Every structure is written in structure tokens, then in C-alpha cells.
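Here is the structure we will look at.
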Amino acid sequence: MSLGLTLNNARIDYAGHTLFRDISARLEAGSWTALLGRSGCGKSSLLRLLAGLEMSDLHQLDLATDDGQPLTDRVAWMAQQDLLLPWRRVIDNLWLGDDLRRRPRNRKLAHELLAAVGLEGREQAWPDALSGGQRQRVALARTLYQQAPVVMMDEPFSAVDAITRLELHDLASRLLKGRTVLMVTHDPLEALRLADQLLVLRPSSLPGHGAELERLPGLGAARPVPLDDPALPPAQAQLIARLRDSEEAA
Amino acid sequence: MSLGLTLNNARIDYAGHTLFRDISARLEAGSWTALLGRSGCGKSSLLRLLAGLEMSDLHQLDLATDDGQPLTDRVAWMAQQDLLLPWRRVIDNLWLGDDLRRRPRNRKLAHELLAAVGLEGREQAWPDALSGGQRQRVALARTLYQQAPVVMMDEPFSAVDAITRLELHDLASRLLKGRTVLMVTHDPLEALRLADQLLVLRPSSLPGHGAELERLPGLGAARPVPLDDPALPPAQAQLIARLRDSEEAA
Amino acid sequence: MKRLHAMRHLVISALLLLGLWQLIIAVTAVPPYILPTPQAVLEVLIQKAPLLAHHAGVTISEILAGLVLGILLGLATALALAFIPRLRRTLLPMLLISQVIPLFAIAPLLVLWLGYDMLSKVVMATLIIYFPVASTGYDGLRQTQQGWLDLAHTLGASPWRRLIHIQLPAALPALASGIRMAATAAPIGAVIGEWAGASQGLGYLMLNANARMEIDLMFAALLVLVAFSLLLYFSLDALLRALMPWHRDRLTRLS
Amino acid sequence: MKRLHAMRHLVISALLLLGLWQLIIAVTAVPPYILPTPQAVLEVLIQKAPLLAHHAGVTISEILAGLVLGILLGLATALALAFIPRLRRTLLPMLLISQVIPLFAIAPLLVLWLGYDMLSKVVMATLIIYFPVASTGYDGLRQTQQGWLDLAHTLGASPWRRLIHIQLPAALPALASGIRMAATAAPIGAVIGEWAGASQGLGYLMLNANARMEIDLMFAALLVLVAFSLLLYFSLDALLRALMPWHRDRLTRLS
Amino acid sequence: MSAHAAEAEPATSTQSAPEIVAQQAEVGVNGDSAASAPVASQEAVEATAGAAEQAKNGAEPTADAPPAASDEQSADVDSKGAANDATKDAATAEKPLTQFKVMLDWYTNPGHAPLVLAQELGLFKKHGLDVELIAPADPSVPPKLAAAERVDIAISYQPQLHLQIDQGLPLVRIGTLVATPLNVVVVRADSDIQSIADLKGKRVGYSVGGVEEVLLSTMLQHSGLTLDDITLTNVNFSLTPSLLTRKVDAVTGAFRNFELAQMAQEGVKGRAFYIEEEGVPTYDELIFVANSDSYERKQVQYAGFLAAVGEATAWIINHPDQGWEMFRDSDPALDTELNKEAWYATLPRFALRPAALDAGRYRDFEDFLFERGMIKKRQSLSHLAVDVNAP
Ligand SMILES: Nc1ncnc2c1ncn2[C@@H]1O[C@H](COP(=O)(O)OP(=O)(O)OP(=O)(O)O)[C@@H](O)[C@H]1O
Ligand SMILES: Nc1ncnc2c1ncn2[C@@H]1O[C@H](COP(=O)(O)OP(=O)(O)OP(=O)(O)O)[C@@H](O)[C@H]1O
Ligand SMILES: [Mg+2]
Ligand SMILES: [Mg+2]
């Protein structure tokens, strides 16, 4: 169930402009990595690249899995947009993957997950009748339902309220135990609570190189780090300062 | 430029289910109000109702403006989705309102706003080539460009990173000085930094009434409240506790 | 209730049309052997109901068979075009050519090849339906949101299942547009086929009545054809809407 | 470079078609008075070039006039249907009826009203183009994203300017689909118009040649018509793409 | 008042060609005095006498240049009932021409030769008419438009005329273009159908014209069969191809001057059964019809028109080869081998006296259709056909 990843030489160009190049990172098996960076620096693009999705223009990646097998079909990807299919009811969106792979549906799991994200009773609703945060939660449930060894999530909790967000931290930590998780987030606290390592995509000092990746360690405690953990506030302040610095350095 | 609003008897039903009823609130002229509440409680719906947008099913609202004139055409609305028109370049999206009202375009303001939200040089890009946070910033710029006396924003900073968010707080505070602002947010800190009053939409104790509105005072300091203001951390903790409580009360 | 409402509107517009018809006759003083009065036509309609019913039966079978075949073939073509780029380059021009050839120019040819039986009419109706379906289907298929395709990719979908579960439903509104158009074209296809050679069907009956200057009968046959065409259109429209329950039209529907 | 590429593909598919044509003749042993050989047709094409050019000129003017009128009228109808719900209930059935009436039934009526000049052909081409444009335009217009309409509302847009700046661009892909279809239908409209009565034009020439069993000439005229139709389609397609620079097709284009 | 039309003996189907030619020659002598008039000279009369023969053999072209309409011969169209005086009175030459729309029954073909040639030779102008010839794609349209007075004259068929009048169309026959049936039943010469009786169990194709079923059933009855013994299929305008491809065993409604030549061109010999020999009363195949309500008002022009047609017919018969060349040159689309062959096959079929009325034919055919139940009631002759030169 656990699968480590090593990436090297990642590069993306859009329309002649280099987003980043020569980027390397290691995602340990079963560890959580938070990807941070300024809006528009290339986080979503990097996720797409790793997930093996179609990219326009020039791109490049050396990706090695620990078991040497290709990553295809073993990665769950939750996009920045919810990507719910409007012609499938909420619950049908969950087992889209089963239908696409012709696998039997796991009704029990689907119902459990919807209940866990607070959407019990909305299983038969059309996605168009949901609020923004509800849609995001359905998308999260769909990602969790996939039970893939590697999970990539692009700002998975951005549209939900603070309380729900904390609940979802618990839920995700529980359900994604042992998975290799790469998660884009804008919330430093969230990154610190959930991640074993933090990767910050920030402007490179080399001209024409676009962004580079800086690695910061996580708090190394249980996941999620309790809100009242005394290490959290200083770490948060430090991280924000760091994010601000990396900006000014460029 | 300032315009206060009083709303009474607000009610929305979706498909026979009452979201809320008998809701009243006062938005003082030139004040900022933050609207908080659990995901799916009806914040976006309330905003739509106030903005005079088409609602399905049963709805109701007594809205009084301080000058007695209808609100129509004097409210800027920033939706939860960015709603950029894909067939207009970034800058053309800004002056959509001018084109729709046959007013001359303010090119200088448009360029200044785009620069202010960090999108200098992307004026001629197609919206499809932008990242999620960049799109949200264009939508914000479009809302600010409108210079309406009343501004309603639905999670306007949800897709941008922490640093950009702080910058946008400054920007919005500066540019929306004197306007009556109603803003949905999930970030308690954000609410406290920007708002003169906080409205929390929470489950009503009366059965069948859906949600009710609880009013909390803001910090009453300059906008935005500096991050190092000592009143901020305890207020934030208190607000989170309050949000959690209001949940459990139901 | 809703059905009753829809019926009412159809009746109203039918009456409106009859009024318009009568008005045209009154205003332009067009002689009855070019445009008969509604009364005369209705009279013939009742009087020759069995005859009309017989020929209508033939034509309706042709139309329905052509419709089914045309939609299936059109869909298949749209899929082929969307999935095999190499094919597209050569198939698209051929498809276009098949469309711009006036049907009546090759109708005699088709009839000579396929005989004077139902087959040739079905082929004709199929041909005429085929293109709107293929064209709108193709346009719909190639405009699937990139995000959904990406999702299907990470979910490990085969091209075939991606098609079924993502691209086809996404193309359904566009396709529905094409099918609605096809429904209006199908009757003409069948009638042109009958015109090129047949011994029964509404097209044949009309041609015959016309030659005998029984203009009343011709218009009665026309009326039956039009009525069936409208029925076909509205049934298909209802069916298509039922196929897209999530697709809430902004504007109120016809019914 | 790209244009050259496109040309190559057209030439390839043209050659392929000629091959197919020849093959059909070889395999089915169809007699030349039903399907002449490509050589025979090309010979006539060269030999009677001035005759064909003259008639083609007439038909092309009819097509272009019909296209412009049909698109304008179709758009106007789509707008009327989308904006005046009351109208929709009565207009839509009439629109449908105008589509399902076989032309030959009302040809004398048209001649009576419109005479034998170019007008009647332009009207026919217009009629046939009109529907795909109106239908897809209407379908496109009523599917505008609610969010954009809301935005227009708060931005204080008049219905008219909302239409211009929001609904029409949003409907453009659907409309383009309809216009593409219309482009293939326009030549047929003009030719059918000529069939209803004319003394010049490719349709006239084709029917005339057909009646005299000069199948070579008929196919030569058909070839000219098809060539022009393809040209029309690809020009319009290029134009429509140019009108939608933001609309990046997922799949590579034909060219 | 000239006697040539009013006093003409009713032509019968048994009338021989020389007799008709003789009558036509008489017209020429009586009607024309000017030397340059188309059929005035004695040579012309002689040439006419041999026309049928020449047509068959493709005889040498006559040396005469085609006559052009000269002002001296312009008709005085205003003097009532004076069509026959047209060529005698040169004084009124400057009269404006009357616009005249004539609708053919079908695309221009050799069957329309007299009209095309009258146009080319300027004979219509000579008779004060500015004629426009219009070709429809559907033969059922012209009579309707004539009835609606959209055109002044339409070419139609006698059997259809009876149906049209029965259906209340205000039409009347004013002249004849082809005075015999052209309709034949055609089978392949290599088939085993030697007589109508052999059609039993065969498939017969026809082009919808309205009366095909009646004519065919009459012929079948004549040979002891009924319609139930055959299968009828509408093949519309694909008569020849359907026969050539053996989709049908026989076709009816084919024209003896056209379809047979068409088959021959494709190397298939045909065998024809002439319908007037199979029990069907003879009739005029191609006739001129006009609106019956405005007939009296336009009678003079009609007379002038028919006079021009008659003159053209006579000239064609005198100069068949030259006629073909002029016909061919009038429209490049007409220049085909088939048309050329049909040209010569059609020549002997033209009515030499287009205005002449054979009352018996109309009465007999009316009776025939009535007995067959094709028309609801019998019309009097005057409702069916008129002699434009009658007072
Ligand atoms: N068209 C609709 N039909 C039925 N229910 C609807 C419809 N639109 C919204 N709802 C329901 O109304 C409730 C309120 O939705 P709304 O979008 O206002 O929530 P919200 O407070 O903005 O939530 P979020 O924070 O997730 O954006 C939700 O439970 C949603 O499912
Ligand atoms: N198709 C495209 N063509 C051109 N530029 C593009 C395209 N897609 C993305 N970009 C640019 O690439 C950059 C990175 O985009 P990406 O979506 O990866 O950013 P991000 O880090 O996810 O930002 P956010 O936090 O706002 O989501 C942006 O500046 C964007 O404008
Ligand atoms: Mg992103
Ligand atoms: Mg919301």
C-alpha cells in the first residue's frame, strides 16, 4: 500500500516561459508532503506533471517509484476545481472510478465516506444543487474512495469553513494512513499539522530557471498535530516569515 | 458613496426545505461585515438574495437602503466561482461592466488594479491560461474596478496563498474604504482583521427554521488589523470556539 | 397537468396556423388549385382517412427506421472522427461531400441500386439524418472539458469507458441539438425517396394527387406528414430531456 | 506551411474518393448511364467548362445570398425564441413546419408568389439554412451559465447588451456547429430552389442533364457544386475558428 | 376571315401525313403574300411536302437563309380577330410588342422545337408578341400557373387537361403542339414480351402523370388482362434507366420520340406498343392551354401566337437540318447526340395547324375518362377546347 517516489529533472515551460527546471524531490513511502508557494508559481502544474497528465508545451520529468513499476493507475488526483460530473448524482460521482475501470462498486464505503464529509442524506442530489464547499467535499470523498497508494490533492480544503476543515484534517489523516500524500495548500497551519515535510516552490536565484524547490521539515509529531500543541504557533509564525522571505529574496 | 442597508424577513427555501427564515441584519454605511458559517449553511444563497439575483423556489426579502432608492446597479457581486468570461482577455474581463453599461472604459484603473493584484504583464492572457489563484485575483480586480457603494464578496481570497492573501487584505481595505462591504469568509483571522461586525449563520434552535444569524462585534480597530495586534490571537481563539459551539448547540 | 398544458399550446398553435392559412387565402386570393382552403383539406382528410392512414403507415416506418439507423451511424461516425485523428482527415471531407450532394440528384441513382422497396427510402432518410448527428456529435465530443478527461486518466479509464462515461454525456446537449434537427429532416428524406420511385407512402400519394390535380388530397397528405413530423420532434425532444435530468434549462420549456 | 498541409489532405481525400468511385464502377459493374466513370466526367468538365462556369456563377450567388440571409434570420429567430417565451410556444411549431414541408408540394405556391427569378432560389436557400442556425443558436442561448447571467445582472446590463457580450459569445460554439451545418445545406437549398423552377444554375443544369440522360454532364455539374460547397465549408470553418481565439479545441484540427 | 382554321376538317388519327402537309401548304398559300415570309414560296411548299421523308433521311439542308422578322410583316394585333390579316397590313408595324409568358411542360427538348424556332426566327415578334419561354422541373406546375394567370400559355397534355378542368381549374385548350399520342409502352427488345398480353405477372414502371393507370388498364383490358395481373411502380423520371437496369420489365408513359432513342444510345433496342393501337382513344399529346376566364380578352394574341408556331413548324419541316442547328445553338446545353436523334424523330409529330381543333378527340376522351370514373362529370366541348380563330 505504501509507495515512495523520487522525482528528478522536472521541468515545465508554458509558451516559451520556464515555470521551473531541474527540480528534484523525494516523497517517502507513507509520508505526507505539503507543497506551498505563491499563487501562480506552478504548484498545480507540478501536480499534473507528477500525476502523468497531459501538459501543453515543453515538459520533462524523471519519476522513479520505489517498486520500479509505473505509477499509472496507482495515483489519485484531486484537482483544484472539483470536477464533479454534473450528470452523475453525488454518490455516482464517488464510484465513477469503478465504472471507468469496470470494477464492482463499494456502496458501503461510498455511503460511509459521504457521511464522513458531512453529506449524509445528499447522496442522490445533483452536484449543481450543492454549495461550493459541499462540492469540494464530494470531490474529496471521491479521492478517498479511490484508495490509491499515492494521493495528490490540490488545495483540498480551500472551500470549507474552519471547523469543517479541522474535521476533514482528522478524517484525511485517518483514511490516508500509510499512503504517500502530496498536497498543495495555502494554509501554513494546515501544512504544519499534516505534513512530514514541506516543499516550498519559490523564485529561483538562477536567472531563467523560474522556481526552485525548498525543503522544510515538518513537526514530526502525530498526524494531525493537535491544535493545542505548543510547537504549532511558533512553527506557524516561522513558516509565514520564511514564505515571506523567500519572496523577498527573488 | 456610502450606503447602509437594512434587511428583514429574509427567507430561502430549496425544494421544500427551509434554509433560513425571519433573518434580519443591519449593514452600516461604510462598514465591513464578515459572514461566517458552516459549509452549506446558506451564505452564498443569502448573498445572492441580497444582490437581487434570481433564486429558485420560494424566497423573500425586505431590503431597505438608507437613501430609499433601490439597490439595483449599486452593488458589486463577486461570486464564489470566479466567473471569468473565457472569450475575454484578462483586462477585457475587468471592463466587462463598462461594456455592458455602455460606459467609457477606465484603462488606467484597470491596469493599476491588475498590477495591484500581482498580474502585471498578464493583461492580454486568456483566462484559461491562468492558475486558480490568478483567476480569483482577476475576479477581485473586476469587483474593485466596479467602484460600487455596496460590495458583496463570496470567499474572495480562498484560492490564494497566505502571503498574497495578506497583501490583498491591505489592497481591499484601501480601495474599499467607505464602501459597505459584505464578505463571506471561512478564515476567522481574516474576518477579525477586516470586519466591523461578524455575522454567523448557524443552526436555529427553532425547529423548521433552518439557520439563524448571530451578530458578533469586530475588533473595532483600523482596517486591516495589524497581524501583530495583541488582541488578534485571543479574539481568533474565541471566535473559533464560538463557531464550534454554535455547531454543537444545534 | 403539465402534459395538458403542452397539449393546449399545440392546439393553440395549430389553430393559429389554420387561421394564418385561411388569412393567406383571403389576402392573396390564391386559387384553390394552388392552395386549397383548410376546410376542403380537412374534409378530404376525414373522407379519405383509411387511404391516408395506409400510406402514412408506410412512410412512418421508413422515417423511424431511417432515424434509428441515421442516429446510430452518425454517432459511430462522430466517435470515429473524435478518436482517430488520421481518419478524420480523410473521413471529414467525405462526410461533407456526402452532405453537399443534393439528395434528389442521387435519389434516382439510389433507387436504381437499392430497388423501389422500402430500403431505398430508409437509406435516404438515414443519409439525411446522418450528418447533423455526426457533425454535432463530433463538435460536442471534441469540446469535453479537459479536467474531466484528466480525471478519467488518473482513474485509469480505457478510451472506450472514458467515452461512455465522460465524453458522451458531456456531448449530450450538443448531440441532442443535432438529433432534434435530424428529426425534422427525416420525413423529407423519406418523402424524397418515395418521390424518386415508389408505389406507396405519403410522398407517393402526394405526387400522384398532384398529378391528378387533386390538390385537396395532396394537402391532406401533407398535413398528415407535418403532424407526424411535429409529433416525432416533440417526442424526441421529451425523450432527450428525460435523458438529461441534470440539465436544467435556464428558460422555461415549450410545454 | 499549415495551409499547404491542409491542401495535401484535401488532395489526398479527393484522390481517395476518385479511387472509390472507380472501384464502385469496377466492382458493381454499374452502367455508365447510372454512374459514369471519373474520366468521362472530367472530360465533360473540361469540354463544357464555359457552360458549367456560367451556371455555377448563378448558383454561387444564390448560395451566398441565401447564406447571409439565412444566418441573419436564423440568429434573429434564435434570439426571439430565447427572449420571448410566449413567442416560442407558437413560433417553434411554425418553424418546425417550415422545415418538414417537402418543397415540391409548395413549389407552385412559391413560384406564384416569388416568380422565377433569383429571389425564389435565394428564399429556398435561406429557408434551408435558417433552421440549423436558429435551432442550434437557440439551444446555445438557453444554455448560458447561470453565473454569467447573474454577473451581467449585477453589472447592470440591459437585456440587449447582455445578449451581445455574454449570451452570444457563450452560444458561439453551438452556433458555429449550426453554421457549419448550414454551410453544407446552403448549396442544396439553392439547387432545390432551382429545381422548383429556373432557367439557369447548376441545379437546373443537373436536372436538365438528368432528364436527357446526360449523366456525364450531371455529374460534372455535381462535381462543381461539391467543390464549391467544400470550399465554402472550410472557409466558414476557418472564419468561425478565427472568431473564437479563446476556444482551443482539444483535438488537433483537420488542417 | 381566313378559312384555314375555322373550316378545317377535324383531323382524325387515321389521317395520313401527306394530307396534313397538304393542308399546311394551303395555309401557306392563303396566308402569305410577301415573298420573304417563312412558308410563302412555292419551294417552301414543296419542301414541306417532303418534310417527313427528309426528316427520316436527314436530308440536305436547304439553301435558304432563315427568314428574319421584318417590320413589314409585323402583325396588327390590335384589330380584333385580325390575326389572319397580320401579314397583309404593314402600316401598323411600329406597334409595341405584347409581353407574353409561355411555360413549357418540361425542360426544353426537341418537342418544343416550333416554339424555340419561332423565337429564334423572330416569328413571335412578327405577330406582335414578346415571348418569354420558361421551363419548369415539374410538368404539373405549368397548367396551374396558367390557370392562375401567372403565365399566358402553358404546355400541357390532353389527358391531364380533362382532369384539370374536372378539378375546377379555369383552363381551356387553345392549340395543339403535337397532335398524336407520344405515349408508348416500351419493353426491351430482348425480352419475351411480344404483346401487351405478355405483361401478365410483370413489373411495369411509370412516371406519375395522373392517367397512366387508366391508360394502362385500358390497354390490359384490350388484351384480356387487368391491373391486378401486373405490378405497377412509380419510377418517376427514371423510365429508361429502370428499364435498362431491368428493375422493371416495361415502362409506360415513355415518349416514342425520346425514350426509344435514349435506349438505342445505350445500345439496347426497345420494343414499343403504341397505346392508340391498344384500345385507347387517340388524343393530342402536347397542347397549349390558357386561362379560360381571360381567354376572350387575349384571343387575338393567342391567335398570333399559334400562327407564329404554325409558321415555325412549317419552316422546320422545310429545313430540318438548319432547324436543328438553330435549335442546338439556342442553348449550349441542348447540343447532344440524343437531342439530335430526337429532333428528327419528333418532326413528323408536330401539328401542322396548331390552332385547328378536332372536337371529336376531346369529346371522345372526355367520355372515355368519364366511363373510367376518372372525372366526376362530363364537360361540354366549349369548356375543354376552343378554336382561337372562331368568331
Ligand atoms: N438549486 C438548489 N437546489 C437545492 N438545494 C440547493 C440549491 N442550491 C443550493 N442548495 C442547498 O442550499 C444550501 C446552501 O447553499 P449555499 O451555496 O448558500 O451554501 P454556502 O453557505 O455558501 O456553503 P459553502 O460555504 O459551501 O459555499 C446547501 O445545502 C445546498 O445544498
Ligand atoms: N495553458 C497555459 N498557458 C500559459 N500559461 C499557463 C497555462 N497554464 C498555466 N499557466 C501559467 O503557469 C503558471 C503556473 O500555473 P499553476 O496553475 O501551476 O499555478 P499554481 O501554483 O497552482 O497557482 P495557484 O496557487 O494560483 O493555483 C501560472 O502563472 C499560469 O498563468
Ligand atoms: Mg493551483
Ligand atoms: Mg458558498
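The values are calculated or read from the model by the stated rules, or taken from the named source; none is laboratory data. Since the model is a prediction, treat every value here as computed from it, not as a measurement. Cβ sites come from the backbone with ideal geometry, for glycine too, and all protein chains shown count toward neighbours. For accessibility, only protein heavy atoms count, side chains too; no ligands or nucleic acids. Shrake-Rupley method; radii C 1.70, N 1.55, O 1.52, S 1.80 Å.
If we scan the range E:138-156, do we find a residue that is away from chain C (no Cβ under 14 Å), over 20 Å from E:Tyr302 (Cα atoms) and either charged (D, E, K, R) or in contact (Cβ under 8 Å) with a residue 60 or more places away in the chain (or both)?
No, every residue in the range E:138-156 fails to be away from chain C (no Cβ under 14 Å), over 20 Å from E:Tyr302 (Cα atoms) and either charged (D, E, K, R) or in contact (Cβ under 8 Å) with a residue 60 or more places away in the chain (or both).
Of the numbered conditions (1) away from chain A (no Cβ under 12 Å); (2) within 14 Å of B:Ala34 (Cβ to Cβ), B:Glu123 satisfies every one except a single condition; which is it?
(2)
Spot the failing condition for B:Glu28; the list is (1) under 20 Å from B:Asp154 (Cβ atoms); (2) more than 16 Å from ligand 4 (Cβ to nearest atom); (3) more than 14 Å from chain A (Cβ to nearest Cβ), and only one is missed.
Of (1) under 20 Å from B:Asp154 (Cβ atoms); (2) more than 16 Å from ligand 4 (Cβ to nearest atom); (3) more than 14 Å from chain A (Cβ to nearest Cβ), only one is false for B:Glu28: (1).
Considering only residues that are open to solvent by 30 Å² or more (accessible area, probe 1.4 Å) and under 16 Å from A:Met183 (Cβ atoms), look in the range A:31-71 and name the one that is farthest from ligand 4 (Cβ to nearest atom).
Ranking the qualifying residues of the range A:31-71, first place goes to A:Arg48.
Does B:Gln134 satisfy being farther than 26 Å from B:Arg74 by Cβ and part of a helix (DSSP H, G or I)?
For B:Gln134, the condition - farther than 26 Å from B:Arg74 by Cβ and part of a helix (DSSP H, G or I) - is met.
Can you tell me which residue among B:Lys43, B:Lys108 is basic (Lys, Arg), more than 16 Å from ligand 3 (Cβ to nearest atom) and in contact (Cβ under 8 Å) with a residue 12 or more places away in the chain?
From the options B:Lys43, B:Lys108, the qualifying one is B:Lys43.
What residue, among those in the range C:215-240 that are without any contact (Cβ under 8 Å) to a residue 60 or more places away in the chain and open to solvent by 30 Å² or more (accessible area, probe 1.4 Å), is farthest from the other protein chains (Cβ to nearest Cβ)?
C:Leu239
Go through the residues of the range A:240-250 one by one and say whether even a single one is assigned to a strand (DSSP E or B) and either farther than 30 Å from B:Cys41 by Cα or not assigned by TED's automatic domain parsing to the domain that holds A:Asp66 (or both).
Within the range A:240-250, not a single residue is assigned to a strand (DSSP E or B) and either farther than 30 Å from B:Cys41 by Cα or not assigned by TED's automatic domain parsing to the domain that holds A:Asp66 (or both).
When you go through (1) over 17 Å from A:Arg142 (Cβ atoms); (2) out of contact with any Pro (no Cβ under 9 Å at 6 or more places or on another chain); (3) at the interface with chain C (Cβ under 10 Å from one of its Cβ atoms) one by one for A:Leu58, which number turns out not to apply?
With (1) over 17 Å from A:Arg142 (Cβ atoms); (2) out of contact with any Pro (no Cβ under 9 Å at 6 or more places or on another chain); (3) at the interface with chain C (Cβ under 10 Å from one of its Cβ atoms) applied to A:Leu58, the lone miss is (3).
Residues checked against (1) in the same structural domain as B:Glu190 (by TED's automatic domain parsing); (2) among the hydrophobic types (A, V, I, L, M, F, W, C); (3) at pLDDT below 95:
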residue: B:Arg101; (1), (2), (3): no, no, yes
residue: B:Ala110; (1), (2), (3): no, yes, no
residue: B:Leu114; (1), (2), (3): no, yes, no
residue: B:Asp128; (1), (2), (3): no, no, yes
residue: B:Arg135; (1), (2), (3): no, no, no
residue: B:Val138; (1), (2), (3): no, yes, no
residue: B:Pro156; (1), (2), (3): yes, no, no
residue: B:Ile163; (1), (2), (3): yes, yes, yes
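Could you tell me which of the residues B:Val151, B:Val117 is of a type outside the set (Phe, Trp, Tyr), away from chain A (no Cβ under 14 Å) and either within 30 Å of B:Ser45 (Cβ to Cβ) or within 16 Å of ligand 2 (Cβ to nearest atom) (or both)?
Going through B:Val151, B:Val117 in turn, just one is of a type outside the set (Phe, Trp, Tyr), away from chain A (no Cβ under 14 Å) and either within 30 Å of B:Ser45 (Cβ to Cβ) or within 16 Å of ligand 2 (Cβ to nearest atom) (or both): B:Val151.
Considering only residues of the range B:154-174 that are without any contact (Cβ under 8 Å) to a residue 40 or more places away in the chain and closer than 13 Å to B:Arg223 by Cα, which is farthest from the other protein chains (Cβ to nearest Cβ)?
In this case the residue turns out to be B:Arg174.
Are any residues in the range C:5-15 open to solvent by less than 40 Å² (accessible area, probe 1.4 Å) and within 9 Å of chain D (Cβ to nearest Cβ), and if so, which ones?
Of everything in the range C:5-15, those that are open to solvent by less than 40 Å² (accessible area, probe 1.4 Å) and within 9 Å of chain D (Cβ to nearest Cβ) turn out to be C:His9, C:Ser13.
How about the range A:61-79: which of its residues are within 9 Å of another protein chain (Cβ to nearest Cβ) and either within 16 Å of ligand 1 (Cβ to nearest atom) or at positive phi (or both)?
Hit for the range A:61-79 is A:Asp73, nothing else.
Every residue in the range E:270-279 that is surrounded by fewer than 18 Cβ atoms within 10 Å (Cβ to Cβ) and among the aromatic types (Phe, Trp, Tyr), please.
Answer for the range E:270-279, where residues must be surrounded by fewer than 18 Cβ atoms within 10 Å (Cβ to Cβ) and among the aromatic types (Phe, Trp, Tyr): just E:Tyr274.
Testing E:Val388 on (1) within 16 Å of the chain's Cα centre (by Cα); (2) of a type in the set (A, V, I, L, M); (3) part of a loop (DSSP other than H, G, I, E, B), one condition comes back false. Which one is that?
Of the numbered conditions (1) within 16 Å of the chain's Cα centre (by Cα); (2) of a type in the set (A, V, I, L, M); (3) part of a loop (DSSP other than H, G, I, E, B), the odd one out for E:Val388 is (1).
Do we have any residue at all in the range C:143-164 that's under 30 Å from D:Ala221 (Cα atoms), surrounded by 21 or more Cβ atoms within 10 Å (Cβ to Cβ) and not hydroxyl-bearing (Ser, Thr, Tyr)?
Within the range C:143-164 (the criterion being under 30 Å from D:Ala221 (Cα atoms), surrounded by 21 or more Cβ atoms within 10 Å (Cβ to Cβ) and not hydroxyl-bearing (Ser, Thr, Tyr)), the answer is no, since none of the residues qualifies.
Give the range A:212-230 a look and list any residue that's hydrophobic (A, V, I, L, M, F, W, C) and open to solvent by 10 Å² or more (accessible area, probe 1.4 Å), or say none.
Hits for the range A:212-230 are A:Leu213, A:Leu216, A:Leu219, A:Ala221, A:Ala222, A:Leu227.
Can you confirm whether B:Asp128 is within 16 Å of ligand 3 (Cβ to nearest atom) and open to solvent by 50 Å² or more (accessible area, probe 1.4 Å)?
When the stated conditions are applied, B:Asp128 passes them.
Select from the range D:16-38 the residues that are within 25 Å of the chain's Cα centre (by Cα) and more than 10 Å from chain C (Cβ to nearest Cβ) and list them in ascending order.
D:Leu18, D:Trp21
How many residues does the range E:184-214 contain that are modelled with pLDDT of 90 or more, within 18 Å of E:Ala261 (Cβ to Cβ) and surrounded by fewer than 23 Cβ atoms within 10 Å (Cβ to Cβ)?
Of the residues in the range E:184-214, 3 are modelled with pLDDT of 90 or more, within 18 Å of E:Ala261 (Cβ to Cβ) and surrounded by fewer than 23 Cβ atoms within 10 Å (Cβ to Cβ).
Out of everything in the range B:120-142 that is among the polar types (S, T, N, Q) and free of Cβ contacts under 8 Å to residues at least 40 places away in the same chain, what residue ends up being nearest to ligand 2 (Cβ to nearest atom)?
Filtering the range B:120-142 for residues that are among the polar types (S, T, N, Q) and free of Cβ contacts under 8 Å to residues at least 40 places away in the same chain, the one nearest to ligand 2 (Cβ to nearest atom) comes out as B:Ser131.
Counting just the residues of the range C:168-210 that are within 14 Å of chain A (Cβ to nearest Cβ) and crowded, with 24+ Cβ neighbours inside 10 Å, which one comes out modelled with the lowest pLDDT?
So, considering only residues that are within 14 Å of chain A (Cβ to nearest Cβ) and crowded, with 24+ Cβ neighbours inside 10 Å, the one modelled with the lowest pLDDT is C:Ala174.
For the range C:40-145, please list each of the helices (runs of 4 or more DSSP H) lying entirely inside it that holds at least 2 residues being over 15 Å from C:Gly193 (Cα atoms) and within 12 Å of another protein chain (Cβ to nearest Cβ).
C:49-83, C:85-100, C:118-141
Per-residue answers, yes or no, for (1) more than 12 Å from chain D (Cβ to nearest Cβ); (2) surrounded by 21 or more Cβ atoms within 10 Å (Cβ to Cβ); (3) over 28 Å from E:Leu123 (Cβ atoms):
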position	(1), (2), (3)
E:Val268	no, no, yes
E:Pro281	yes, no, yes
E:Val289	yes, yes, no
E:Ser292	yes, no, no
E:Arg297	yes, no, no
E:Gly304	yes, yes, no
E:Pro320	yes, yes, no
E:Pro332	no, no, no
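Is it true that B:Arg142 is crowded, with 23+ Cβ neighbours inside 10 Å and more than 12 Å from the chain's Cα centre (by Cα)?
Here the answer is yes, as B:Arg142 does meet what is asked.
Can you tell me which residue is nearest to the chain's Cα centre (by Cα) among those in the range A:158-186 that are within 14 Å of ligand 3 (Cβ to nearest atom) and part of a loop (DSSP other than H, G, I, E, B)?
Per the stated criteria, the residue is A:Thr185.
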